[in-house]
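Below you'll find the structure, written out as structure tokens, and then a few comments.
The values are calculated or read from the model by the stated rules, or taken from the named source; none is laboratory data. The model shown is predicted, which means the values in this text are computed figures rather than measured ones. Heads up: the accessible areas ignore ligands, DNA and RNA and are worked out on the full protein's heavy atoms, side chains in. Shrake-Rupley method; radii C 1.70, N 1.55, O 1.52, S 1.80 Å.
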Amino acid sequence: MDMEHLLQRYFGTTDLGEVQVDAIPAATDRMLVDFGLEKDRGKRFALWSLLFMLDAAPALDVAFEDEEEREAARNFMDMISAAGQM
């Protein structure tokens, strides 16, 4: 699952800049439900990453049971921060 797929699925566009601000809460609610139901580690991480960029991600200790996954999430957060995206 890539970011374009997620954006298209939850927002109907691959350009986050085109998303209406009032559409974000409903989309994040759907993402959180899907995140809770998803079993595939890669898909869960992709959902968490988008939720993180939308400031709606669950805390690491809640989102990921595995320490490796938590560390990958920390690395992602550091990369986003270093890129000036957050």
> What number of residues in the range 55-69 are more than 19 Å from M79 (Cα to Cα) and assigned to a loop (DSSP other than H, G, I, E, B)?
Replying inline: 2
>> So in the range 29-80, with the set limited to residues that are under 22 Å from G17 (Cα atoms) and not hydrophobic (A, V, I, L, M, F, W, C), which one is most open to solvent (accessible area, probe 1.4 Å)?
In response: D55
